Amino acid sequence: MDKLMTKLSENILDKFSMDFLRNQVLKNAYGNDHTLIAKLDPRVLLAWYVFFGLVPWFVNDTVFLFGCFALVTITTLLAQVAGLVLFLFGLGVFSQTGYLFLATLLFGGDTTAILPLLLLTLKVATVSLASITVFSGLDPDRLSIGLMWYGCPEQFSFSVSYAYRMLPLLMEEFQNVLLSYRLRGNPPAHETFKGKVQYLIYQVKIIIHAFYPLMLNTAKRSRTTVEALELRGYRYAASNPQVRKIKFSALNITHRDMLFAAVSFLWVAVTMLLASIL
């Protein structure tokens, strides 16, 4: 039994290595180009996201929120989101709700608090899944072009795209800093339970100590990238009408986009009808 638990813990640790995390991030940002959501026009996706990212906060009807949650769940499945992202979503949303429910009971509340917490959970889950759907289905370039088409400043659109591109570099730099600390450090033995606790504390300390070198090295890389962009005329190209016209030429609303918008509109309409009847 002990050997089985040890092997299971080792497999879990292997799964959650830095390479696994980086691959999951890259898959979520760049590896979903073949999905149905990724083939939609970014303007349609951004307009769809504005609705499902804002409207649920102003509605308290349970039926309507359940309908919106069901729709964004389907779109998340169509987007083929990375498993790590879904795991973090479930852990964050439902653990927060459970924490609030326990806090309510601890400070004199009763089970009547379940319904308000359920509404809050549905709102957070709907908005979160809508965000996951859109940002998994849009690569950095298409996201930047879509924001520019809606009138966002060029520098803001580029900053969003650049932040996407910096994620792999950030994780690679973090891994290098951690490896350098581990090569110079002397980790405690972790054969016993006490040793495992000490080893966990040691790992947390290393992560905390690695934060400042990570930010410093990333800032150096960012400065080099910005200087290279300036030398290539980034500011002029971002505001040049001909360059904008070339970028916008890749945008094209097809029958697939119209069908997606129509199905979403019909789903919301039916949900509102059911909410008014029930």
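Throughout, read-outs are computed from the coordinates displayed, never taken from laboratory work. Predicted model only: the values in this text are computed from it and were never measured. FYI the Cβ positions are ideal-geometry reconstructions off the backbone, even for glycines, and counts take in every protein chain you see.
A few comments on the model shown:
- In this entry, region 156-278 is assigned a mean projected area of 16.1 nm², taken as a quarter of its C-alpha convex hull surface.
- Remark: region 205-221, residue by residue, has Karplus-estimated 3J(HN,Hα) of 4, 5, 4, 5, 5, 7, 5, 5, x, 4, 5, 5, 5, 5, 4, 5, 5 Hz, where x stands for each Gly or Pro and the curve is 6.51 cos²θ - 1.76 cosθ + 1.60 at θ = phi - 60°.
- Taking N as its residue count, the alpha carbon Rg of region 113-216 over 2.2 N^0.38 Å: 1.63
- Potential extension, LEU118-THR225 segment - 0.36 nm per residue separation minus Cα distance: 34.0 nm
- A Förster distance of 41 Å, applied to the separation of the beta-carbon atoms of LYS205 and LEU106, puts the FRET efficiency at 0.85.
- Percent of Cα pairs exceeding the 17 Å cut-off, where the set is region 36-127: 57 percent
- Computed as a quarter of the hull surface, the mean projected area of the alpha carbon convex hull for region 122-179 stands at 5.5 nm².
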